[in-house]
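Notes to accompany the following structure.
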Amino acid sequence: MKLSNAFSFLTDLRAAIFIAFLPTFKALLDDPTLLLRPYALSQVFMSHVWTGFADPTDEGGRAVKEGLITPYAYGVVLDIGAGHGHTVRYLNRARVSRYVALEPNVLMHDKIRAQANGAGFHESDGTLVILACGVEDTKTILSTMSSVPFKARSPPPKSDGAQNTRQAQQADGIGHPFDTIISVLTLCTIPDPQNNLRRLVRDVLKPGGQLLYYEHVLSPRPDVAWWQKLWAPLWAVAFDGCRIDRPSDIWVKDMKLGGEDGIEKSAWKEFRTWGKEGEDPENLFWHSVGRFVKR
């Protein structure tokens with residue numbers, strides 16, 4: 001691997017510090033107790049970092065998201081790690097009835113609200129819901145979905161037999177309120193990712209529903225992966241826990257859920273994965289794209 005590629009992340013790291021250091025320092029002066037709350041301090045820093053990084057990052061993945069989110073997202077959509085709400089730009093409003101943005105960093109919620117309102121989703125009519133919890137808190141997600149008024153109903157999975165008929169009936173229950181889960185550059189940060197993502201899919205995604213992801217993942221090339229693992233702890237400090245060495249694509253593909261017979265089987269009845277067109281194979285931020293349909 002070329003050393004220029006191995007150290008390329010330093011450019012973004014330097015930019016992040018340049019963008020966020022001064023406003024974060026000012027926030028510390030206003031509230032010195034942030035020093036005693038490292039998680040809150042990290043959120044403040046990341047909120048300023050993302051102000052500078054959000055639009056360029058979105059533009060860099062535009063072609064991927066136009067090919068993944070726009071044609072496939074439908075019904076009630078859960079956007080995990082919504083950031084500034086850029087995902088809503090790619091939703092087909094005629095196919096998506098409700099947008100639920102999951103973003104633990106409340107400092108980003110105003111950005112999400114502005115993006116969503118511009119796309120036709122509003123809290124006033126229940127078509128927009130913003131949650132400050134993480135993917136691990138499925139209880140809050142489910143209880144909120146059952147309590148926020150909403151008239152429109154999303155379409156159940158197509159039924160072509162007894163099994164699908166049963167799944168369609170299950171899909172109407174509040175226990176599985178989502179037709180589509182979208183993860184854009186988020187699986188790198190969530191805690192206990194394998195278990196929490198598995199629970200999320202098991203508990204909130206309807207049978208026949210889909211998971212769409214666009215993530216940077218551990219490179220399949222051993223030399224690139226070595227550098228990713230070396231730099232991952234340093235990158236995580238500046239970017240609110242983001243890890244550049246997670247094989248998230250493999251974790252999703254290998255996910256298993258228990259069936260009615262008690263035997264664990266693949267969570268997916270079908271899936272397709274692909275890469276980011278034209279991406280340098282030595283990129284430390286190697287991307288994977290996928291669409292997975294729940295069994």
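Observations on the model:
- Within region 183-215, considering residues that are more than 18 Å from residue 142 (Cα to Cα) and among the hydrophobic types (A, V, I, L, M, F, W, C), the one surrounded by the fewest Cβ atoms within 10 Å (Cβ to Cβ): 185
- Taking the criterion of being polar (S, T, N, Q) and assigned to a helix (DSSP H, G or I), the residues of region 187-205 that qualify are 194, 195, 196.
- Of the residues contained in region 53-60, none is found to be of a type in the set (A, V, I, L, M), open to solvent by 10 Å² or more (accessible area, probe 1.4 Å) and modelled with pLDDT of 95 or more.
- Top-ranked residue in region 112-143 [being part of a helix (DSSP H, G or I) and in contact (Cβ under 8 Å) with a residue 40 or more places away in the chain; ranked as surrounded by the most Cβ atoms within 10 Å (Cβ to Cβ)]: 141
- Residue satisfying all of: in region 224-277; open to solvent by 40 Å² or more (accessible area, probe 1.4 Å) and β-branched (Val, Ile, Thr); nearest to residue 14 (Cα to Cα) among these: 237
- Candidate set: region 1-19, residues that are part of a helix (DSSP H, G or I) and farther than 25 Å from residue 42 by Cα; chosen: the one least open to solvent (accessible area, probe 1.4 Å): 6
- Scanning region 64-94 for residues that are open to solvent by 20 Å² or more (accessible area, probe 1.4 Å) and touching an Asp or Glu at 6+ places or on another chain (Cβ under 7 Å) yields 74, 81.
- Restricting the first member to region 79-105 and to residues that are more than 19 Å from residue 145 (Cα to Cα), and the second to residues that are among the aromatic types (Phe, Trp, Tyr) and in a strand (DSSP E or B), the beta-carbon pairs closer than 7 Å and six or more apart or on different chains are 91/99.
- When region 34-51 is filtered for residues that are within 12 Å of residue 19 (Cα to Cα), out of contact with any Lys or Arg (no Cβ under 9 Å at 6 or more places or on another chain) and open to solvent by 30 Å² or more (accessible area, probe 1.4 Å), the ones remaining, listed by number, are 45, 48.
- Qualifying residue in region 65-76 (condition: of a type outside the set (A, V, I, L, M), at pLDDT 95 or above and within 19 Å of residue 51 (Cβ to Cβ)): no
- The number of residues in region 217-230 that are in a helix (DSSP H, G or I) and more than 25 Å from residue 52 (Cα to Cα) comes to 8.
The values are calculated or read from the model by the stated rules, or taken from the named source; none is laboratory data. Just so it is clear, the model here is predicted, and its values are computed rather than measured. In this analysis, Cβ positions are derived from the backbone assuming ideal geometry, glycine residues included, and neighbour counts consider all displayed protein chains. Please note that ligands, DNA and RNA were not included when accessible areas were found on the heavy atoms of the full protein model with its side chains. Shrake-Rupley method; radii C 1.70, N 1.55, O 1.52, S 1.80 Å.
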